[in-house]
Amino acid sequence: MAVIPVDIASRPYEVRVAAGLLAELVPNCRGKLRKRGVPIITDSNVHAAWGAVVEASLRDNGHEPHWRILPPGEKTKSWEELAATVNWLLALEVERGDHIIALGGGVIGDLTGFCASVLKRGCQFIQVPTTLLAQVDSSVGGKTAINTPAGKNLVGAFHQPSLVLADLSALETLPERELLAGYAEVVKYGLIDDADFFAWCDTNAAKMIAGDGGLREYAVAHSVASKARIVAEDEFETTGRRALLNLGHTFGHALEAETGFSSRLLHGEAVALGMVLAGRYSARRQLMPRATAEHIARHIAEIGLPASLPALGMDCDGGGLVRHMLHDKKMDAGTLPFLLLKGIGQTYLDKQVSLDDVAAFLDEELTRTA
Ligand SMILES: NC(=O)c1ccc[n+]([C@@H]2O[C@H](COP(=O)([O-])OP(=O)(O)OC[C@H]3O[C@@H](n4cnc5c(N)ncnc54)[C@H](O)[C@@H]3O)[C@@H](O)[C@H]2O)c1
Ligand SMILES: O=C(O)C(=O)C[C@@H](O)[C@H](O)[C@H](O)COP(=O)(O)O
Ligand SMILES: [Zn+2]
């Protein structure tokens, strides 16, 4: 088992990565489940795949699970599900010191974490991520949120979990498209500040996605360690350090908004394409060689993730995509800082980007032929 500390000064916790954690859920929660009743929030796909395993561990250890099984998909991160889930938790008389379990992908983790942050002004929660994306990224670091019609994650809170249990066995039932989407957030850590890890991804990603257990454990543990390091340096995204984790997201969130937060484009797919666009825009600005941007694009495309805009079949122009970006949480006094690259592993926050220039770049990308 890999155990990665998240050294946030006010609230340190651990991420435990291993196969088989779900089957031993209660011992792995290490005394945090202090009552017989345990609230668990999940979605119907995860419940179908892993509900019985989790239920058995709880019942065998004298607990009674209270399940809340939500519809799968991005639309579950909504005001309606937030209100209904908070009311459900209130009806269960959950106290501040109790733990709610979030069993699922990033959608369930983000929604549950936000519910935990507002319930009685903050109660405890445990992240039990079941997608690659949630294991390497969303379960760690305490960003919680819902979407609104105006955009992605626009209402939320920073609220850290008490524990993260990433069971590698859960990935065995995950559809390949979801594995690939999660991989986008893995390779992101290489592009941010870890060229050696990008090289590891170049060599090993295909085998890791195909199911090699050792490679999966390394990919998850290394990604979590990267995220934990960055979050511990800048928990509330105030210094610019944590903003590095947003690489590809300004483009990506605009694409998710344009495609209606639907299964047409998953978050990880949008981030993959967003990172390709960040690379190409950086090359256009002559910050790094065009060949490096195309290396990134080739890596993303060869693994099976979207690497060009026309394939999405969107009916919009660059200006339309830029309008979505005006809701980006990095907006500061009317300007939007962008994560750009000076090379692989050399991402930085650029505060001198003209949105007109980005719109012109996107117009070119929307008609790209190769
Ligand atoms: N808080 C953060 O720091 C952070 C970071 C990255 C992404 N996010 C958010 O995470 C969300 C995306 O998360 P995601 O990619 O995990 O998507 P998701 O939660 O929608 O899960 C993807 C799909 O896989 C299914 N699934 C989950 N685990 C399964 C399993 N083990 N077996 C079979 N099916 C399973 C789900 O039912 C769903 O259909 C987005 O809303 C994104 O904004 C948040
Ligand atoms: O943890 C972070 O910080 C991230 O930016 C991780 C991202 O992968 C994640 O998608 C996050 O939710 C995006 O943050 P947002 O502030 O742009 O909503
Ligand atoms: Zn993300």
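The values are calculated or read from the model by the stated rules, or taken from the named source; none is laboratory data. Everything numeric in this text was worked out from a predicted model, so none of it was measured. So basically every Cβ, Gly included, is an ideal-geometry build from the backbone, and we count neighbours across all protein chains shown.
Against the condition surrounded by fewer than 19 Cβ atoms within 10 Å (Cβ to Cβ), over 20 Å from the mean Cα position of the chain (by Cα) and either within 16 Å of ligand 1 (Cβ to nearest atom) or part of a helix (DSSP H, G or I) (or both), how does Trp50 come out, does it pass? No, not satisfied. If you go through segment 103-120 one residue at a time, do you hit one that is in contact with a strand residue (DSSP E or B) (Cβ under 8 Å, 6 or more places away or on another chain), surrounded by fewer than 19 Cβ atoms within 10 Å (Cβ to Cβ) and at pLDDT 95 or above? Among the residues of segment 103-120, at least one is in contact with a strand residue (DSSP E or B) (Cβ under 8 Å, 6 or more places away or on another chain), surrounded by fewer than 19 Cβ atoms within 10 Å (Cβ to Cβ) and at pLDDT 95 or above, which makes the answer yes.
Glu237 meets all of the listed conditions (1) in a helix (DSSP H, G or I); (2) over 25 Å from Ala360 (Cβ atoms) but one, namely (1).
Regarding Leu191, is this residue surrounded by 22 or more Cβ atoms within 10 Å (Cβ to Cβ) and in the same structural domain as Ala297 (by TED's automatic domain parsing)? Yes; evaluated as a whole, the condition is true for this residue. Restricting segment 202-226 to residues that are more than 19 Å from the chain's Cα centre (by Cα) and polar (S, T, N, Q), the residue that is surrounded by the fewest Cβ atoms within 10 Å (Cβ to Cβ) is Thr203. Starting from segment 23-36, take each residue that is surrounded by 15 or more Cβ atoms within 10 Å (Cβ to Cβ) and assigned to a helix (DSSP H, G or I) and list its partners that are among the charged types (D, E, K, R) and modelled with pLDDT of 95 or more, counting only C-beta distances under 8 angstrom and pairs at least six apart or across chains. Short answer, once both residue conditions are applied: Val26/Asp60; Asn28/Arg16.
Taking the conditions (1) outside the structural domain of Lys330 (by TED's automatic domain parsing); (2) more than 14 Å from the chain's Cα centre (by Cα); (3) not basic (Lys, Arg) in turn, Ala199 satisfies each one other than (1). Quick one: which of His253, His267 is within 17 Å of Tyr183 (Cβ to Cβ), within 10 Å of ligand 2 (Cβ to nearest atom) and either under 14 Å from the mean Cα position of the chain (by Cα) or polar (S, T, N, Q) (or both)? So the residue among His253, His267 that is within 17 Å of Tyr183 (Cβ to Cβ), within 10 Å of ligand 2 (Cβ to nearest atom) and either under 14 Å from the mean Cα position of the chain (by Cα) or polar (S, T, N, Q) (or both) is His267. Checked against (1) out of contact with any helix residue (DSSP H, G or I) (no Cβ under 8 Å at 6 or more places or on another chain); (2) away from ligand 2 (no atom under 15 Å from the Cβ), Tyr281 passes all but condition (1). Among the residues of segment 67-77, those identified as surrounded by 18 or more Cβ atoms within 10 Å (Cβ to Cβ) and of a type outside the set (Val, Ile, Thr) are Arg68, Leu70, Pro72, Glu74, Lys77.
Here is the figure for segment 143-188: residues that are basic (Lys, Arg) and surrounded by fewer than 21 Cβ atoms within 10 Å (Cβ to Cβ) total 1.
When Ala49, Ala19 are checked against the criterion of being out of contact with any Lys or Arg (no Cβ under 8 Å at 6 or more places or on another chain) and under 14 Å from Ile108 (Cβ atoms), a single residue qualifies: Ala49.
Trp200 fulfils the conditions (1) more than 16 Å from ligand 1 (Cβ to nearest atom); (2) among the aromatic types (Phe, Trp, Tyr); (3) within 22 Å of Ser354 (Cβ to Cβ) except for a single criterion, (3).
Flag: Val164 does not match the condition of being modelled with pLDDT of 95 or more, under 30 Å from Arg34 (Cβ atoms) and within 11 Å of ligand 1 (Cβ to nearest atom). A search for C-beta distances below 9 Å between a residue of segment 143-164 that is without any contact (Cβ under 8 Å) to a residue 60 or more places away in the chain and any residue that is of a type in the set (A, V, I, L, M) and in a strand (DSSP E or B), counting only pairs 6+ apart in sequence or on different chains, returns Lys143/Ala157; Thr144/Ala157; Gly156/Ala145; Gly156/Ile146; Ala157/Ala145. The single condition among (1) in contact (Cβ under 8 Å) with a residue 24 or more places away in the chain; (2) not in a helix (DSSP H, G or I) that Ala206 does not meet is (2). State all residues of segment 267-293 that are under 30 Å from Pro71 (Cα atoms) and in contact with an Asp or Glu (Cβ under 7 Å, 6 or more places away or on another chain); if no residue qualifies, say none. Residues satisfying the conditions are His267, Gly268, Ala270, Val271.
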